[in-house]
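The values are calculated or read from the model by the stated rules, or taken from the named source; none is laboratory data. Note that this is a predicted model, so its numbers are computed, not measured. Don't worry about glycine lacking a Cβ; one is built from the backbone with ideal geometry, like all the others, and counts go over all protein chains shown.
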Amino acid sequence: MITHEQEGTRAWPVVAGELRRVLDVGCGNGDALARAGTDFLAVGIDIDHDALRTGSELFPRHRLCRATAEALPFKDGAFDAALSRVALPLMDISTVLPEIARVVRRGGEVWLAFHRVSYVRAELRKSVRALNVVRTVYLGYVLLNGLVFHFGGTTFRFPLNRTYSESFQTERGVTRALVRAGFRDVRVVENVPLVVTGRRS
């Protein structure tokens, strides 16, 4: 099973038990996989080529590859579990969650960490105090996108730069999205950040 350890306002997944193949979606340099344990095949995907190269040097036993979470390059049911440490808020969650469900075997687990609205509000206050207009406009978009996700279960890309998609998440919004994607036993296990677990139906 996947549990977690808290470090201030950060949460790190801990993999134990019978899980043998674990995918990290938005792995960066793979440090979450490294901290999660050693008794499993660790596979990570990210779009950041430099982070993946650094991770391959730091953690040579990991299998890190460049891929988008919206189109995971793996067979159905290839993994016993998937985790993602605050990477999904930067993605099209309504597309990514069904992809994660596809590559996790039936009965497999997910451990996912998200931004709460309190994080975005704090960043917005800093941005306004610093008179950073561009950042303030962007964070306004993130707040709106989070509301759209909460009420409608979808997100939209930043109108001024279509490569960006970011949002905050709520317990209700994430729970609905996970159930819709094919997960059950969805539980909030940590509040800051918002950490949610579930099991593939």
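Assess whether G44 counts as being modelled with pLDDT of 95 or more, more than 12 Å from L23 (Cα to Cα), touching a Cys at 6+ places or on another chain (Cβ under 8 Å) and in the same structural domain as D185 (by TED's automatic domain parsing). Spelling it out, it is not the case that G44 is modelled with pLDDT of 95 or more, more than 12 Å from L23 (Cα to Cα), touching a Cys at 6+ places or on another chain (Cβ under 8 Å) and in the same structural domain as D185 (by TED's automatic domain parsing). So for the stretch 27-35 (the condition being among the small types (G, A, S) and either more than 28 Å from V186 (Cβ to Cβ) or part of a helix (DSSP H, G or I) (or both)), does at least one residue qualify? Scanning the stretch 27-35, I find at least one residue that is among the small types (G, A, S) and either more than 28 Å from V186 (Cβ to Cβ) or part of a helix (DSSP H, G or I) (or both), so the answer is yes. If you filter the stretch 69-90 down to residues that are at pLDDT 95 or above and part of a loop (DSSP other than H, G, I, E, B), you find that the one that is nearest to H115 (Cα to Cα) is A87. Residues that are of a type in the set (V, I, T) and either within 19 Å of V110 (Cα to Cα) or crowded, with 19+ Cβ neighbours inside 10 Å (or both) within the stretch 156-181 comprise T170, V174, T175, V179, listed in sequence order.
Pairs meeting the criteria (first residue in the stretch 182-198 and closer than 16 Å to V104 by Cβ and of a type in the set (K, R), second residue modelled with pLDDT of 95 or more and not in a strand (DSSP E or B), beta carbons under 9 Å, at least 6 apart or on different chains) are R184/L178.
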